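What follows is a set of notes on a single structure, which appears directly below.
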Amino acid sequence: LFTSLLATGPGDVSDVRTVDLTPESVIIKWTAPARGRECLAYYRLRFERKMGPEEGYREVNVSADESQYLIANLTCCTAVNILLSSVSFVKTQSNISYLQVATRGSAPGEVEDLEVSLYLVRFVISAPGEVEDLELLERLKIW
């Protein structure tokens, strides 16, 4: 007598989304599979930072008890491709959910060593000829 058992594995993850974006990180969250949770061993998370062609996908196994993950050590304005699937104890994998996000841009730093030359002032304002031009030049000196 021969018996065969067909393992279908866990269902697909759903509602994959970002819950927090910073210039250096992304937190993604998802909803666990609606079917097949009893055979869910872990989630397979793969992500790729689009910094250059030499960087490939990085793979992380996330505990079946978790439903979110922090991807850190990114740089601002980086596109990140994310692939997420559920994996069973016998290594069957669900369909892959795909998400692409971009880290937030950071505000530029403070201006340092601002230098205004007389040449720039002359370029912007012609030589004073009327009283109004003199008043404008005086205001610029104070500012």
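For region 114-128, indicate whether the set of residues that are at pLDDT 65 or above and farther than 30 Å from Gly11 by Cβ is non-empty. For region 114-128, residues at pLDDT 65 or above and farther than 30 Å from Gly11 by Cβ: absent.
Restricting attention to region 62-79, the residues that are in a loop (DSSP other than H, G, I, E, B) and in contact with a Leu (Cβ under 7 Å, 6 or more places away or on another chain) add up to 1.
Remark: Leu70 falls outside the filter, which requires a residue to be open to solvent by 30 Å² or more (accessible area, probe 1.4 Å) and at pLDDT below 65.
Going by the conditions given, is Glu24 part of a strand (DSSP E or B) and within 17 Å of the chain's Cα centre (by Cα)?
no
When the residues of region 48-67 are filtered to those that are modelled with pLDDT under 90 and small (Gly, Ala, Ser), which remaining residue is surrounded by the fewest Cβ atoms within 10 Å (Cβ to Cβ)? Looking at the filtered set, the residue picked out is Gly52. Filtering region 73-93 to residues that are in contact with a helix residue (DSSP H, G or I) (Cβ under 7 Å, 6 or more places away or on another chain) and open to solvent by less than 20 Å² (accessible area, probe 1.4 Å) leaves only Ser88.
The values are calculated or read from the model by the stated rules, or taken from the named source; none is laboratory data. For clarity, every value in this text was computed on a predicted model and none was experimentally measured. Note: ideal-geometry Cβ built from the backbone for every residue, glycine included; neighbour counts use all protein chains shown. What goes into the accessible areas is simple: the full protein's heavy atoms, side chains included, and nothing from ligands, DNA or RNA. Shrake-Rupley method; radii C 1.70, N 1.55, O 1.52, S 1.80 Å.
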